[in-house]
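The values are calculated or read from the model by the stated rules, or taken from the named source; none is laboratory data. Bear in mind the structure is a predicted one, so any value in this text is a computation, not a measurement. Cβ: placed from backbone, ideal geometry, glycine included. Neighbour counts: every protein chain shown. Please note that ligands, DNA and RNA were not included when accessible areas were found on the heavy atoms of the full protein model with its side chains. Shrake-Rupley method; radii C 1.70, N 1.55, O 1.52, S 1.80 Å.
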Amino acid sequence: RRATREEAPKRTAGQALGLSFATAMGRSASNAAEVAKGAEVAKGRDFFFSATDEPHVTRRGEILKAHPEIKSLMGPEWRTKYIVAGTVSLQIFMAWLTLDWSLPTFLAALYVVGATANHSLFLAVHELAHNLGAKSIKNNKLISLMANFPIAIPYSINFKPYHMEHHRYQGQEGVDTDIPTRIEGFLISDSACCYADHTCRKALFMFFQIFAYALRPMMLKPSLVPFDGWMLLNYVTQFSFDGLMMYLFGPKVMLYFLGSTFFAGSIHPTAGHFIAEHYVVEGNTETYSYYGPLNILAYNVGYHNEHHDFPNIAWSNLPKVRKIAPEYYDKLPQCGSWWGILMRYIFDDNISPYSRMKRAKKAE
């Protein structure tokens, strides 16, 4: 259960903002008002805790029993490798094209094109971690090495073990490294002195979110990914690509690649899925789907309930899962806007790093 909050007698600025963003996300006025009710300075925050298993295994069994034809959707998507190659080519072209642009124009290109493209590559690596880009594990890893190139920092091989833990042990304390730590909760929320302070801290966290997302797993469970031949290959190929780009275009080219990676995980519309997927913003629901247009750029990662229910179905077939079994998905709470949930996270005082569902770690 959530810890008790102190409630203010009058609506604060935070409540008004929470109401406006909840409404913007497509909720009814009554639901929006419920969500905004908690948008005041909150004391004694804690995570949500569940005594039950994560919901996806149970729902998967029910859906397969009702709709066995979904099994035909399982397997890799052959187009993924070509989309990855096209995105990598776009980023190399943009890195060259913007070399002599003025700072304002360069930053605009970085945010609009570079960050969007690199975020798409983040999600390509995610698909490939599920072996959904090719038939063999080896070929999925090789494609992920290519997808890693414009990101500039080797991570595609490291990503898979942590992400598989997130799927197998969703919400389990000390196992699922997708959940913020209590240190993050203290620094962002518990030590905040007022609504404005809390809002500024959340905004700052969102701006630098990429560092928490990248470093938290390695700091919490460094032994999960042993140094092996694949990791060595990831480092060798990535730094060789970086070196080749600097040799051909000069050191300045790395500003484009690294800047694209930074903004891809910062306050950017596509980065809204980091919050939208599992932050508890309605009741006790711990996974949310987003069905909006940004899925086109994000390998349909917005279909997140569908993805967790069927992690062996590729991005191209996830909308078909919802179409076949609407009775299981249309009734679930949804995220109406990735940008809207980013803004709501920042301005709604009732949402914080603690807005995640945890469950006890199961005995091995």
Filtering the chain for DSSP H helices with an axial alpha carbon extent of at least 20 Å and a Kyte-Doolittle mean of at least 0.5 returns 80-97, 115-129, 229-249
Answer check: the chain, Cα atoms, Kirkwood Rh, Rg/Rh ratio of 0.97
Carbon and sulfur atoms account, in whole percent of the 1.4 Å probe accessible area of the chain, for 66
Under a 1.4 Å probe, counting only protein heavy atoms, residue 52 has an accessible area in Å², nearest 10, of 90
If the chain between residue 320 and residue 153 were fully extended at 0.36 nm per residue, the gain over the current Cα-Cα distance would be 56.7 nm
By the Cα gyration tensor axes a ≥ b ≥ c (a/c under 1.5 gives rounded; else a/b larger than b/c gives prolate, otherwise oblate), the shape of region 238-293 is prolate
Using alpha-carbon positions, the gyration tensor of region 43-185 gives root eigenvalues a ≥ b ≥ c; with a/c under 1.5 called rounded, otherwise prolate if a/b exceeds b/c, else oblate, the class is oblate
Inter-part gap, Cα centre of region 318-364 to Cα centre of region 64-91, in whole angstrom, is 22
At R0 = 41 Å the Cβ-Cβ FRET efficiency linking residue 208 and residue 64, nearest 0.05, sits at 0.50
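Would you please name the trypsin sites (Lys or Arg not before Pro) within region 258-364 that are DSSP coil residues with at most 14 other C-beta atoms within 10 Å of their C-beta?
Passing both the DSSP loop test and the Cβ count: 331, 361, 362.
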Expected unfolding gain across residue 73-residue 51 under the 0.36 nm per residue rule, minus the alpha-carbon gap, is 4.7 nm
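On average, how much accessible surface per residue is there in region 173-234, in Å², for a 1.4 Å probe, leaving out ligands, DNA and RNA?
Ligands and nucleic acids excluded, the result is 53 Å² per residue.
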For residue 227 and residue 191, extending 7 Å from Cα along the Cα-Cβ vector and measuring point to point gives, in nm, a value of 3.3
Among 71/323; 138/160; 65/323; 71/141; 160/221, the pairs whose Cα-Cα distance exceeds 18 Å are 71/141
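Roughly what % antiparallel, to the nearest 5, for the DSSP beta bridges in the chain? Working shown, then result.
Working: 1 of 8 bridges.
Taking every DSSP beta bridge within the chain, about 10 percent pair in antiparallel fashion.
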So, relative contact order of the chain in percent, Cα under 8 Å, 6 or more apart, is 30
